[in-house]
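In what follows, a structure is listed as structure tokens, so that the remarks can point back to it.
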């Protein structure tokens, strides 16, 4: 029988100078339907088109679909694993990390999650602005991409400033529209390019080897950033929703959107040789009205993805690291995304560098997941003293080097089989973290509230 003490009653003195957005959630504003809608909108990403396009030549259409399904199911399970802590205690990602990394050490996984989000925010905003600019050009003959980009970025920041109330409103509206337009886009692709698609796939035998499993990792990798900060979302979900039902919500929300977008990317690129959805659908929809609607959807899709996945996480990191207000943090994220010069990231010359950057940061995300999971489920048995989480001069003060060393070793292990990096890193990271937490002298205070404290006592 575990003697780990759980305390869910927060001492108000510990948070009197803490921004309310970093405190445990007092009001759960999302029911199951709203929560599903938020993930459905948040998963509409240009990256999914690209991942689908990347499967051409290696897999049959059936194998590609199965790879997407497996990837999505792993994502759903991983979101439940990490998000349980936030759902139970109402705490965000950056606070959740304090028990395993220490308040100063939180900056490491925080930056590894936040920096890619800022870069992708800029990149996807530029893509969305390009779609809007194409619409304006078609309808009014007006074209000014830098201006459209600036206004588009400001719009997304303004929506994010409203917090999860604004996100809930946005995603609820977008849900039905997203599914309808994706279904129509898939229909257009199948009808207009049926012959070309058949010709491309007629000679593909497919494989159940490494390319197949690498494909599952690719679709998992799209959402690997979102997985580790799952608590930022789950803390807003109604408390009565259990883990099994939550996993079902993730699956229902993520799977259809990923399948539609992945298949569209696969089939469009196979038929046209072009994986840029803005270019393809601006020239193939058959009418000005449908072209405009589709381009507006592409722009809208960037908003739903950016607001949920690319603004919220770095905003929490900035709040945690620099004691900023939510509104100030979101504005700074918007400014920093522009400083990344996304117009350079979309050029052919930058494609290789952007891909390398993606591989680099992805190698750290599996290890961070492993540390968080082992710490919460194995060492602490899903029981926390909430006061320890907010007392920065308490038992968790300083940096827990056991966690830092574990993610470094896990990241190095992930490079052994790059195609399966997320999976490969999990067990080595978890074992190293467990061993170091048990034996490192500097980790003694972080053993408070764990199974190792019982052994020492």
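The values are calculated or read from the model by the stated rules, or taken from the named source; none is laboratory data. Please read all numbers here as calculations on a predicted model, not as lab measurements. Note that we place each Cβ from the backbone using ideal geometry, even for glycine, and neighbour counts take in every protein chain shown.
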Practice task
Of the numbered conditions (1) within 30 Å of residue 244 (Cβ to Cβ); (2) modelled with pLDDT of 90 or more; (3) part of a helix (DSSP H, G or I), residue 65 fails exactly one; give the number of that condition.
Solution key: (2)
Exercise for the section: Mind listing just one residue for me: the one in the range 136-170 that is modelled with pLDDT of 75 or more and crowded, with 21+ Cβ neighbours inside 10 Å and, of those, nearest to residue 308 (Cα to Cα)? Expected result: 160
Exercise for the section: For the range 406-416, state whether one or more residues are modelled with pLDDT of 90 or more, in contact with a strand residue (DSSP E or B) (Cβ under 7 Å, 6 or more places away or on another chain) and assigned to a helix (DSSP H, G or I). Expected result: no
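Go over the candidates 173, 178, 204 one by one and state the one that is more than 20 Å from residue 294 (Cα to Cα) and at pLDDT below 90. Lay out the reasoning, then the answer.
Working: 173 fails: more than 20 Å from residue 294 (Cα to Cα); 178 fails: more than 20 Å from residue 294 (Cα to Cα).
One residue alone meets the criteria, 204.
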Problem - Output for the range 189-206, where each listed residue is outside any helix (DSSP H, G or I) and free of Cβ contacts under 8 Å to residues at least 24 places away in the same chain - result: 202, 203
Exercise for the section: Could you give me the residue pairs with C-beta distances under 9 Å whose first residue belongs to the range 388-403 and is over 22 Å from residue 370 (Cα atoms), whose second residue is crowded, with 18+ Cβ neighbours inside 10 Å and modelled with pLDDT under 90 wherever it lies, and which are 6+ apart or on separate chains? Expected result: none
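Residue-by-condition table, conditions (1) modelled with pLDDT under 85; (2) surrounded by fewer than 21 Cβ atoms within 10 Å (Cβ to Cβ); (3) assigned to a loop (DSSP other than H, G, I, E, B):
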residue	(1), (2), (3)
2	yes, yes, yes
17	no, yes, yes
24	no, yes, yes
40	yes, no, no
48	yes, no, no
Problem - residue 382 more than 21 Å from the chain's Cα centre (by Cα), in a loop (DSSP other than H, G, I, E, B) and at pLDDT 95 or above - result: yes
Exercise for the section: Just give me the residues in the range 407-418 being farther than 11 Å from residue 364 by Cβ and surrounded by 16 or more Cβ atoms within 10 Å (Cβ to Cβ), in sequence order. Expected result: 409, 413
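For the range 214-333, please list each of the helices (runs of 4 or more DSSP H) lying entirely inside it that holds at least 1 residues being modelled with pLDDT of 80 or more. Explain how you work it out, then say what you get.
On the way: elements: 224-228, 231-234, 243-272, 277-284, 288-305, 312-322.
In the range 214-333, 224-228, 231-234, 243-272, 288-305, 312-322 are the helices (runs of 4 or more DSSP H) which contain 1 or more residues that are modelled with pLDDT of 80 or more.
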